[in-house]
Amino acid sequence: MVIAVASGKGGTGKTTVAAHLALSSSKNRRTLLVDLDVEAPDASGYFPEAEPDEEPRTVSVLMPELVESKCTACGLCARSCRFGAILAIGGIVTIDQKVCKGCGRCVAVCPTNALVEKPKPVGKTTSLTAGKLGLLEGRMDIGDIRSTVVIEAAKDCATGIGAAVQIRDCPPGVSCPATHSIEGADYVILVAEPTEFSIHDLKAAMKLTRERGIPTGVVINKDGFGDADVAGYCERECVPVIGRIAFLRERAATGATAALWRDDPTICGEMDRILDLLLSGAGTERAL
Amino acid sequence: MTTVSIASGKGGAGKTSISAALASTLGTSCIFADCDVDAANGAIALGAMAGVAEPYFAGLGFSIDSPACTGCGACHEACRFGAIEPAPGGDAFRIVPELCERCGACADRCPVKAIVRYEKQAGELFVSNTRHGMTLVHADLEPGEDTSGKLVALVRKRAEKLAGPDSVIVVDAPPGIGCPVIASITGSDLVVIVVEASASGIRDAARLAELAMTMKRRSIAIINKTGLNAGMDDRARSMLAGAGIPLAGEIPFDPKLRSAEESNRTWADIDCRSTGRIRAALDAVAGAVRKLKEKP
């Protein structure tokens, strides 16, 4: 089963929930925690004992390079590029690899085969082990914009590793990185907090999971931290609240160090309950 | 015109609250550009009143006209983004709009021209008045749309159009360090890096600081949520010192701060134990902005 932990708003506690769920799940079954927040990967920080299984794998995108001797400066490549990555002015063709998405369209339209593709690294994936838990981290290179390529590579790696339960730690937002991260999941857990900001962003995230037809439940984190009625909002939207983590200052203090609440019976019980609910298939009927 | 962008790497570090408080400190003549178009909370933070909306079109999209599709799979092979899948039924293909990058490589390869173009509204752009007096430019991206960077650029362009020569534009950036963040801090005169005093917050802010440096942007930092763990506070300070980023101030964690958004106040005019520290940090950023206005 693939469970994606997501949210519209950042900082609601996605990584915290994903890490604790993964830890709970790993006690009884082969579990893989997949960090798809490739712009800000923080899940492995919760497991300082984790050891890499192998050298990180480089994620690359095929980028066109110009073979000037073959180029007739016809400009077809520049006209075909939808990302404005190719300029053909005054008989000179220049390619901006920073903007190129590596779709390969220019290469296909070039009548003289003057464009050749070469892999350019955009990030890496790392497989680690922390006790009984497997971890897979996607990490985009700083300055790059192709986060979705790294996300897809990490998803492929995770499938290759194979696990009874895969917990994905997704990026915030509702645009391409978030969409790619929830795609293929059996269930989406949206982590929300009781603030107006969070409810506003939860609305967009629910719309996304509904459009993609993925069963969805909400975990209310920092419960009691604010007065905004997240639970009431979920009820009106007919999305179940499947768990709650109460706000305690001590929890915020240990959470700041990315230490797991391993010995907190309330948290462990809540995580086990959520997993039982999802693995038994209850609450996984498609949201309408 | 001076542009100051507030970013953090990690989400939930306090970007929007600090942006709103900074705007309130700079005065009603500044313009607030909410560039977190995925999760736009500037309107809540500043109390936006009904604004002028205009549709946002992301550019041409592609879809497969299923009666014409012969199911040859050439498009599926051409697509580098995994956005083309067999349609239910199995004798045709379909494009998953949420995964499509709109490159058009599939349309070139289709032997029967079954791939059609369409233009669809992908969101809305707003210019609103706010209860706090400053003008707010904000946008709502349709969930699942893939052009957040383009919409960010549009929000900034609109803010620049409204700005006078002496105006300050406050850009509230999205989390992360990817495309929409780069669009948010490109050309900014000053990047305010909000560092959450937590292990994750510090790591993500360090990645952002490196991005700002490679983009040759001047940076200043505010450490938020201090006082929870002294070790983390120190680690945040030494990360910034190591990166050579000046510290405008620190904001102690205070549960009272989150109620600001519900009481239509910003952090600059809420009354709690952290108030003095917040004002000092904001004044330091405002001072840096003033200096830039005098000597860009």
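If I ask for residues that are assigned to a strand (DSSP E or B) and more than 8 Å from every other protein chain (Cβ to nearest Cβ), which ones from region B:191-205 would you list?
First, the residues of region B:191-205 that are assigned to a strand (DSSP E or B): B:191-196.
Within region B:191-205, B:VAL191, B:VAL192, B:ILE193, B:VAL194, B:VAL195 qualify.
Using the structure shown, decide if A:ASP229 is among the acidic types (Asp, Glu) and more than 9 Å from chain B (Cβ to nearest Cβ).
On the way: among the acidic types (Asp, Glu): yes; more than 9 Å from chain B (Cβ to nearest Cβ): yes.
Criteria met by A:ASP229.
A:ILE242 - would you say it is of a type outside the set (D, E, K, R) and closer than 18 Å to A:ARG168 by Cβ?
Details: of a type outside the set (D, E, K, R): yes; closer than 18 Å to A:ARG168 by Cβ: yes.
In short, yes.
Let's see how each residue does on (1) more than 10 Å from every other protein chain (Cβ to nearest Cβ); (2) modelled with pLDDT of 95 or more; (3) under 20 Å from A:THR31 (Cα atoms):
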residue	(1), (2), (3)
A:PRO111	yes, yes, no
A:PRO121	yes, yes, no
A:SER127	yes, yes, yes
A:ALA130	yes, yes, yes
A:LEU133	yes, yes, yes
A:MET140	no, yes, no
A:LYS155	no, yes, yes
A:ALA164	yes, yes, yes
A:HIS180	no, no, no
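What about A:GLY269, is it buried (at least 17 other Cβ atoms within 10 Å of the Cβ) and either in contact with an Asp or Glu (Cβ under 7 Å, 6 or more places away or on another chain) or free of Cβ contacts under 8 Å to residues at least 40 places away in the same chain (or both)?
On the way: buried (at least 17 other Cβ atoms within 10 Å of the Cβ): no; either in contact with an Asp or Glu (Cβ under 7 Å, 6 or more places away or on another chain) or free of Cβ contacts under 8 Å to residues at least 40 places away in the same chain (or both): yes.
No, not satisfied.
Among the strands (runs of 3 or more DSSP E) confined wholly to region A:26-102, which include 3 or more residues that are of a type outside the set (D, E, K, R) and closer than 23 Å to A:LYS132 by Cα?
Values: elements: A:31-35, A:57-66, A:86-89, A:92-95.
In region A:26-102, A:31-35 are the strands (runs of 3 or more DSSP E) which contain 3 or more residues that are of a type outside the set (D, E, K, R) and closer than 23 Å to A:LYS132 by Cα.
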Exercise. Can you name the number of the only condition in (1) surrounded by 24 or more Cβ atoms within 10 Å (Cβ to Cβ); (2) within 14 Å of chain A (Cβ to nearest Cβ); (3) assigned to a strand (DSSP E or B) that B:LEU60 fails?
Worked result: (1)
For this session: Could you look through region B:85-100, keep only residues that are under 30 Å from the mean Cα position of the chain (by Cα) and hydrophobic (A, V, I, L, M, F, W, C), and pick out the one that is farthest from the other protein chains (Cβ to nearest Cβ)?
Result: B:ILE95
Exercise. Across region A:1-25, what is the total count of residues that are assigned to a loop (DSSP other than H, G, I, E, B), within 14 Å of chain B (Cβ to nearest Cβ) and in contact with a helix residue (DSSP H, G or I) (Cβ under 7 Å, 6 or more places away or on another chain)?
Worked result: 4
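Sort out for me the strands (runs of 3 or more DSSP E) sitting completely within region B:101-181 that have 3 or more residues that are more than 8 Å from chain A (Cβ to nearest Cβ) and among the β-branched types (Val, Ile, Thr).
Numbers: elements: B:115-130, B:135-141, B:168-172.
Of the strands (runs of 3 or more DSSP E) lying wholly inside region B:101-181, those with at least 3 residues that are more than 8 Å from chain A (Cβ to nearest Cβ) and among the β-branched types (Val, Ile, Thr) span B:115-130, B:168-172.
Each row is one residue, and each column tells you yes or no for (1) over 23 Å from A:ASP141 (Cα atoms); (2) buried (at least 21 other Cβ atoms within 10 Å of the Cβ); (3) in the same structural domain as B:ARG290 (by TED's automatic domain parsing).
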{"position": "B:MET213", "(1), (2), (3)": "no, no, yes"}
{"position": "B:GLY231", "(1), (2), (3)": "yes, no, yes"}
{"position": "B:GLY244", "(1), (2), (3)": "no, no, yes"}
{"position": "B:LEU257", "(1), (2), (3)": "yes, yes, yes"}
Seminar exercise, completed: Among the residues of region A:244-262, the number that are buried (at least 16 other Cβ atoms within 10 Å of the Cβ), free of Cβ contacts under 8 Å to residues at least 40 places away in the same chain and either assigned to a loop (DSSP other than H, G, I, E, B) or more than 9 Å from chain B (Cβ to nearest Cβ) (or both) is 6
Problem set entry | Among residues of region A:118-134, those that are assigned to a strand (DSSP E or B) and either farther than 18 Å from A:VAL61 by Cβ or touching a Gly at 6+ places or on another chain (Cβ under 7 Å) (or both), counted | 9
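Does A:LEU76 qualify as being among the hydrophobic types (A, V, I, L, M, F, W, C), assigned by TED's automatic domain parsing to the domain that holds A:GLY184 and over 20 Å from B:GLY82 (Cα atoms)?
On the way: among the hydrophobic types (A, V, I, L, M, F, W, C): yes; assigned by TED's automatic domain parsing to the domain that holds A:GLY184: no; over 20 Å from B:GLY82 (Cα atoms): yes.
No, not satisfied.
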For this session: Confirm whether B:LEU208 is under 21 Å from the mean Cα position of the chain (by Cα) and crowded, with 18+ Cβ neighbours inside 10 Å.
Result: yes
For this session: Answer yes or no as to whether B:VAL4 is in contact with a Gly (Cβ under 8 Å, 6 or more places away or on another chain) and β-branched (Val, Ile, Thr).
Result: no
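The values are calculated or read from the model by the stated rules, or taken from the named source; none is laboratory data. Because the structure is predicted, anything quoted here is derived from the model rather than measured. As a convention, Cβ positions derive from the backbone with ideal geometry for all residues, glycine included, and neighbour counts pool all protein chains shown.
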